[in-house]
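Everything below concerns the one structure shown next.
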Amino acid sequence: LSILFAVVLFVALPQAGAEGINKLFNLGLEVSSPGFQAITGASKLLIVVGYLLGIRQIAEIRRVFQYHGAEHKAISTYEAQEPLKVEHARAKTTMHPRCGTTFLVMVALVSILIFSAAGSLFPKIGGHRVVESIAFFFMKLPFLPVVAAITFEIQRVFARYCTVGPLRALLWPGFLVQKITTAEPDDQQLEVALGSLLSALAYEQHEPVAAESAPA
């Protein structure tokens with residue numbers, strides 16, 4: 001049911017939205033055309049943002065988003081080489097350039113660019129528009145890992161070189177959506193995030209020792 005919900009919401013609905021816009025404005029766009037793919041990608045991004053805004057209104061999910069903000073504050077404290085204490089983490093921002101939310105937004109934007117440029121190169125499938133849309137989706141499917149890999153590398157570059165100065169503007173699309181998926185945590189949530197980070201660091205430090213002492 002979860003997979004079906006995701007397919008309907010994030011695959012079928014954006015495609016249907018693009019088809020509706022195509023008919024409403026009498027654009028006459030082919031399914032594989034750059035314009036149609038751009039509309040589909042933009043529809044998908046709007047649906048994702050709307051979905052996140054909707055679930056943020058649920059108290060339990062908002063609490064999860066507070067822990068998300070606490071996670072960002074904890075890792076920012078660590079990266080600033082400050083003591084992993086609540087008083088230091090409290091002052092940090094809930095935004096982070098390597099956030100998974102930013103990654104999702106960038107995947108959507110990169111996929112719009114790639115499939116808008118390459119869509120016309122895919123073989124054309126005749127028949128009804130619905131059949132053509134489904135066939136085109138399955139043709140795009142093998143390229144999704146490539147899109148994700150390209151996006152991952154772009155995000156790494158942005159996180160390294162675009163955190164200060166004018167290039168910081170490149171991070172703002174992701175930051176705007178992070179304002180939905182993160183919330184200001186309380187001190188107890190910060191303690192949990194910092195404790196989790198300390199546990200992870202302790203495990204990382206002791207794992208090589210355990211591996212070296214293990215029998216061959």
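The values are calculated or read from the model by the stated rules, or taken from the named source; none is laboratory data. All figures in this text were calculated on a predicted structure; none of them were measured in a lab. Cβ atoms come from the backbone with ideal geometry, glycine included; neighbour counts cover every protein chain shown. These area figures cover heavy atoms from the full protein model, side chains too; ligands, DNA and RNA do not enter into them. Shrake-Rupley method; radii C 1.70, N 1.55, O 1.52, S 1.80 Å.
Relative to its residue count, the chain spans a Cα convex hull of 196 Å³ per residue. Taking Cα atoms only, the orientation of helix 129-140 departs from the longest principal axis of the chain by about 40 degrees.
Given A59, L27, I114, which one lies farthest toward the positive end of the charge dipole of the chain, if we put +1 on the Cβ of every Lys and Arg and -1 on the Cβ of every Asp and Glu? Projecting each Cα onto the dipole axis, the largest value belongs to L27. The helix-based estimate of mean residue ellipticity at 222 nm for the chain, built from -39,500 (n - 2.57) per DSSP H run of four or more residues and divided by its residue count, is -23000 deg cm²/dmol to the nearest 500. P(r) tail for region 1-100: Cα pairs beyond 20 Å make up 58% of the total.
Share of carbon and sulfur in the accessible area of the chain stands at 69%, probe radius 1.4 Å. Potential lengthening of the chain between Q57 and E204 amounts to 49.3 nm, from the contour at 0.36 nm per residue minus the alpha-carbon distance. Filter the cross-link list K73/K140; K124/K179; K23/K140 down to pairs whose alpha-carbon distance in this structure exceeds 30 Å. Distance filter (> 30 Å) returns K73/K140; K124/K179.
Dipole check for region 12-147: with +1 at the C-beta of Lys and Arg, -1 at the C-beta of Asp and Glu, and the Cα centre as origin, the magnitude is about 200 Debye. Counting only trypsin sites (Lys or Arg not before Pro) that DSSP places in a loop and that have at most 12 other Cβ atoms within 10 Å, the longest clean stretch of the chain runs over 125-216.
Heads up, I need the accessible area for Y203: 1.4 angstrom probe, whole protein in place, Å², nearest 10. Counting only protein heavy atoms, Y203 exposes about 150 Å² to solvent.
Looking at the chain, the accessible area is 60 square angstrom per residue; that uses a 1.4 Å probe and ignores ligands, DNA and RNA.
Using the Cβ-Cβ distance between Y161 and A117 with R0 = 22 Å, the FRET efficiency computed as 1/(1 + (r/R0)^6) comes to roughly 0.35.
Could you state the angle between the C-alpha long axis of helix 13-24 and the longest principal axis of the C-alpha atoms of the chain, as a value from 0 to 90 degrees rounded to the nearest 10? Roughly 40 degrees between the two axes. Kirkwood's formula applied to the C-alpha pairs of region 108-180 gives a hydrodynamic radius of 14.5 angstrom. On the principal axes of its alpha-carbon atoms, region 52-132 has extents of 63, 31, 11 Å, going from largest to smallest.
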